[in-house]
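Before we start, here is the structure in question, set down as structure tokens.
The values are calculated or read from the model by the stated rules, or taken from the named source; none is laboratory data. Everything numeric in this text was worked out from a predicted model, so none of it was measured. Cβ placement follows ideal geometry from the backbone for every residue including glycine, while neighbour counts extend to all protein chains displayed. For the accessible areas, the whole protein counts, side chains as well, though only heavy atoms, and no ligand, DNA or RNA atoms are used. Shrake-Rupley method; radii C 1.70, N 1.55, O 1.52, S 1.80 Å.
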Amino acid sequence: MKIVVTGAAGFIGSNLIKGLNARGMDDIIAVDDLTQGDKFRNLADLQIADYVDADDFYDLFAEGAYGQVEAVFHEGACSDTMELDGKYMMDNNYTLSCELFQSCREQGTRLLYASSAATYGGSDTFSESPEFEKPLNVYGYSKLLFDQRMRRELGARFEHASTQVAGFRYFNVYGPREQHKGRMASVAFHQFNQFQAEGKVKLFGEYGGYGPGGQMRDFVFIDDVVAVNLWFLDHPEKSGIFNLGTGQAQPFNDVAIAVVNTLRQAGNGAPLSLEEAARGGLIDYISFPEALIGKYQSYTQADLSTLRAAGCQHMFADVQTGVAAYMQWLNTVKS
């Protein structure tokens with residue numbers, strides 16, 4: 001089974017390759033742009049058949065240069081939610097995805113692609129339906145427009161797809177291999193580095209009707225994201241747009257205290273309650289940034305009804321479990 005992974009040196013792409021390798025699959029074409037050369041580290045311990053630069057791949061694939069490809073995991077995109085260049089965003093996230101879809105359809109190749117919970121934006125309901133889609137930035141809009149294009153091409157629930165097309169609306173994903181993402185890396189990653197450097201972690205203060213650190217997101221561990229993607233690889237008859245989160249919102253405070261306690265325990269420190277950590281200065285609440293006002297989702301929680309109806313019953317890790325595992329991994333890498 002020949003597989004293509006775009007964004008292969010990125011966070012989700014490299015973890016997907018790791019998951020495929022764990023199944024003994026290595027006939028994988030990795031597609032990315034390694035202008036940021038340090039991203040090679042995400043591929044160095046993985047087994048692939050070939051690497052192709054993103055500038056070359058899409059035209060070559062359209063020409064059939066790679067023979068019969070079973071499936072494309074399309075993770076390549078500009079994922080910076082604060083990127084203001086709309087032309088760049090639409091070229092990368094919409095136009096390129098449309099061209100890839102056409103090539104997949106012509107060649108009978110399955111397409112499993114990254115959408116985003118940013119498509120919901122200002123909504124307070126997170127169900128895969130147009131009335132709840134209210135993006136707050138051009139990134140969210142670029143992802144939504146491709147979802148809408150797929151609905152026009154394949155039907156509202158992709159019921160007319162001749163080969164599998166599945167879009168995954170990723171919520172707040174965290175875990176290993178995201179170190180290259182800079183400001184767009186997860187709060188857990190940033191808090192690990194803050195604690196190592198300063199002995200404390202930082203969270204936003206009051207905003208959006210939520211108290212300090214009380215804003216809530218659906219935080220999903222990368223291993224769960226990979227598991228769901230691979231479930232769909234195993235079920236080629238399942239198409240549609242699916243939320244990919246835990247289905248349970250948790251406050252940023254939960255992430256912070258999980259980071260603090262896991263790292264304290266690594267140094268033989270006793271676990272603390274949230275209140276104790278805040279009183280002791282281990283959690284530092286900072287003013288909400290003006291640049292994010294009106295562009296920030298204070299609450300997200302995936303509705304998993306569509307995913308469950310498709311038959312995927314994967315059980316997701318909660319923040320306490322996933323963040324603890326991630327901190328332990330980061331400690332191993334840093335040591």
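Considering only residues of region 287-321 that are part of a loop (DSSP other than H, G, I, E, B) and β-branched (Val, Ile, Thr), which is farthest from the chain's Cα centre (by Cα)? Quick ask: steps written out before the conclusion?
Start the filter on region 287-321 by keeping residues that are part of a loop (DSSP other than H, G, I, E, B), which leaves 287-289, 293-298, 300-304, 310-318.
Checking the rest, the ones that are also β-branched (Val, Ile, Thr) come to 293, 300.
Working: ILE293: 23, THR300: 14 Å.
Of everything passing the filter in region 287-321, ILE293 is farthest from the chain's Cα centre (by Cα).
Within region 34-50, can one find any residue that is touching an Asp or Glu at 6+ places or on another chain (Cβ under 6 Å), of a type in the set (Phe, Trp, Tyr) and at pLDDT 95 or above?
Within region 34-50, the subset touching an Asp or Glu at 6+ places or on another chain (Cβ under 6 Å) is 47, 49.
Now narrow it down to the ones that are of a type in the set (Phe, Trp, Tyr): none.
No, the conditions are met nowhere in region 34-50.
Applying the selection to region 85-130, what residues are open to solvent by 10 Å² or more (accessible area, probe 1.4 Å), closer than 22 Å to GLY208 by Cα and in a helix (DSSP H, G or I)?
If the condition is that a residue be open to solvent by 10 Å² or more (accessible area, probe 1.4 Å), closer than 22 Å to GLY208 by Cα and in a helix (DSSP H, G or I), then ALA118 is the only one that fits.
Looking only at region 116-149, how many residues end up being farther than 16 Å from SER305 by Cβ and aromatic (Phe, Trp, Tyr)?
3
Counting only residues that are of a type in the set (A, V, I, L, M) and within 15 Å of the chain's Cα centre (by Cα), which one in region 177-204 is nearest to ALA291 (Cα to Cα)?
Step one: list which residues in region 177-204 are of a type in the set (A, V, I, L, M), which gives 184-185, 187-188, 197, 201, 203.
Now restrict to residues that are within 15 Å of the chain's Cα centre (by Cα): 184-185, 187-188.
Details: MET184: 15, ALA185: 18, VAL187: 17, ALA188: 21 Å.
Out of the qualifying residues, it is MET184.
I would also like to ask the following. Looking only at region 295-330, which residues are modelled with pLDDT under 95 and open to solvent by 50 Å² or more (accessible area, probe 1.4 Å)?
Residues satisfying the conditions are LYS295, TYR299.
Mind telling me which of the residues LYS18, LYS2 ends up being open to solvent by less than 60 Å² (accessible area, probe 1.4 Å), among the basic types (Lys, Arg) and either closer than 23 Å to ALA166 by Cα or in contact with a Gly (Cβ under 6 Å, 6 or more places away or on another chain) (or both)?
On the way: LYS18 fails: open to solvent by less than 60 Å² (accessible area, probe 1.4 Å).
Within the list LYS18, LYS2, the selection yields LYS2.
Being in a loop (DSSP other than H, G, I, E, B), out of contact with any strand residue (DSSP E or B) (no Cβ under 7 Å at 6 or more places or on another chain) and open to solvent by 30 Å² or more (accessible area, probe 1.4 Å) is the filter here, so list the residues in region 53-79 that pass it.
Filtering region 53-79 down to residues in a loop (DSSP other than H, G, I, E, B) leaves 63-70, 75-79.
Subsequent filtering for residues that are out of contact with any strand residue (DSSP E or B) (no Cβ under 7 Å at 6 or more places or on another chain) retains 63-65, 67-68, 78-79.
Answer for region 53-79, where residues must be in a loop (DSSP other than H, G, I, E, B), out of contact with any strand residue (DSSP E or B) (no Cβ under 7 Å at 6 or more places or on another chain) and open to solvent by 30 Å² or more (accessible area, probe 1.4 Å): GLU63, GLY64, ALA65, GLY67, GLN68, SER79.
For region 210-227, enumerate the residues that are under 16 Å from HIS314 (Cα atoms) and surrounded by 23 or more Cβ atoms within 10 Å (Cβ to Cβ).
ASP218, PHE219, VAL220, PHE221, ILE222, VAL225 - these are the residues of region 210-227 that are under 16 Å from HIS314 (Cα atoms) and surrounded by 23 or more Cβ atoms within 10 Å (Cβ to Cβ).
Would you be able to tell me the number of residues in region 265-284 that are on the phi < 0 side of the Ramachandran plot and surrounded by fewer than 17 Cβ atoms within 10 Å (Cβ to Cβ)?
Selection size over region 265-284: 12.
Quick check: is even one residue across region 79-87 within 30 Å of ASP223 (Cβ to Cβ) and at pLDDT 95 or above?
no
Would you be able to tell me the number of residues in region 27-58 that are within 18 Å of LYS2 (Cα to Cα) and either touching a residue at least 60 places away in the same chain (Cβ under 8 Å) or of a type in the set (D, E, K, R) (or both)?
Of the residues in that region, 4 qualify.
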